[in-house]
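The values are calculated or read from the model by the stated rules, or taken from the named source; none is laboratory data. Note that the structure is predicted; figures quoted are calculated from it, not measured. Every residue, glycine as well, gets a Cβ built from its backbone with ideal geometry; the counts of neighbours run over all protein chains shown. The protein model used for the area step is the full one, side chains on, heavy atoms only, and it has no ligands, DNA or RNA in it. Shrake-Rupley method; radii C 1.70, N 1.55, O 1.52, S 1.80 Å.
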Number of protein chains: 2
Amino acid sequence: MRPLFHPALEDIKPEAILYALSDPERVAIYAKLAGASGGGTCSALADLGDRVIPKSSLSNHFKVLRESGLIVSERQGVEMRNQTRCTELDERFPGLIKAILTAYGQLPGQPKTD
Amino acid sequence: MRPLFHPALEDIKPEAILYALSDPERVAIYAKLAGASGGGTCSALADLGDRVIPKSSLSNHFKVLRESGLIVSERQGVEMRNQTRCTELDERFPGLIKAILTAYGQLPGQPKTD
DNA sequence: TCCATAGTTCAGAAATTCGGAACTGTTGAT
DNA sequence: ATCAACAGTTCCGAATTTCTGAACTATGGA
């Protein structure tokens, strides 16, 4: 398997962040990750309630999130631990992630209104 | 010509906003519009400095911005007046547009830091 | 009426996205 | 050591989307 690419903080592009979060499935995954304490695995995040994401699509979603700089992925045994880079990101793009998650109504700990 | 579609404020979707602003050309156009006082025309916004956007592409960019809810377009004689809906939008998605433009370093009146 | 101008629509080529099937890498059991 | 199970990745073809030149539409002025 090819080594996973993670951009350095200063190489993160706003267009990549916006693109990654312009897909509601990816937002749902990201929001679950932001809520999860331990670092979610792919398969644990596949179930969106209304549909189960095929694993190749899921793998691609994680790739987009990772390469845009939204998450870090690290192999841990058979699984992949994923966690958000929200602290770093907020330093680079103040208020951005929070405003986006708020817009989607999926800020962790906030009641969903959809 | 088909009448131009503008979504009602409550129908504006965050994914459409993020998608529209995940393209640096559209962001450049939107930022110029946000800065312009009168309501910019398409052709006045075509020149990005490093390239001139073909007019069919430009027309499409405006369509994307319009249908996502970011701008309103209104025919005025031969031209099209375009203006941002930033005040309304900020009510619906507080802080979102500002955070995005700040991330791009193109908030009107703010020095670019890239 | 005829021309110029601003922008839209059309259509085909190019690029991107989606997802099933095959594959890789890791762990645990025999 | 070999095998099976499992998590996730890669491959590749089909479907969708994007891009843009060319044709078209709408408006105003001479």
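Restricting the chymotrypsin sites (Phe, Trp or Tyr not before Pro) of region A:3-32 to loop positions (DSSP other than H, G, I, E, B) with no more than 11 neighbouring Cβ atoms within 10 Å leaves A:Phe5. Proximity of backbone amide H atoms, modeled 1.01 Å from N, is registered between B:Leu48 and B:Ile53 at under 5 Å, excluding neighbours fewer than 5 places apart on the same chain. Phi angles across region B:81-88 convert, under the Karplus curve 6.51 cos²θ - 1.76 cosθ + 1.60 with θ = phi - 60°, into 3J(HN,Hα) values of 8, 10, 9, 6, 10, 4, 5, 4 Hz, Gly and Pro given as x. Translational diffusion coefficient of the protein assembly as shown (Stokes-Einstein, Kirkwood radius from Cα pairs, 20 °C, 1.002 mPa s): 114 µm²/s. Between copies, the label points at B:Arg2 (set 7 angstrom from Cα along Cα-to-Cβ) are spaced 3.7 nm, reported in nanometres from shortest to longest. The amide H of A:Met80, built 1.01 Å from its N in the peptide plane, has A:Cys42 as neighbours under 5 Å, considering only residues 5 or more places off or on other chains.
Of all lysines in the structure, those lying under 16 Å Cα to Cα from B:Lys55, and not within fewer than 8 positions of it along the same chain, are B:Lys63.
With contacts taken as Cα pairs under 8 Å at a separation of at least 6 residues, region A:12-104 carries a relative contact order of 28 percent. As a calculated quantity, the FRET efficiency between A:Phe5 and A:Gln76 at R0 = 22 Å, using C-beta atoms, amounts to about 0.75.
Split the accessible area of region A:12-104 by element, probe 1.4 Å, and carbon with sulfur accounts for 50%.
The Cα-based radius of gyration and maximum Cα-Cα distance (Dmax) for region A:1-71 are 12.1, 37 Å. Taking region B:53-93 and a reference point 7 angstrom along Cα→Cβ of B:Ala46, the backbone N atoms nearer than 14 Å belong to B:53-62, B:79-80. Annotation: per residue accessible area for the protein assembly as shown equals 55 Å², rounded to a whole number [probe 1.4 Å, protein chains only]. Loop sites by DSSP among the trypsin sites (Lys or Arg not before Pro) of chain B, restricted to those with at most 12 other Cβ atoms within 10 angstrom, leave B:52-111 as the longest stretch without any of them.
Here's the picture: charge each Lys and Arg Cβ at +1 and each Asp and Glu Cβ at -1 in region B:1-99, and of B:Met80, B:Ile17, B:Phe5 the one pushed furthest to the positive end of that dipole is B:Met80.
Each Lys and Arg Cβ is given +1 and each Asp and Glu Cβ -1; about its Cα centre, region A:12-104 then shows a dipole of about 120 debye.
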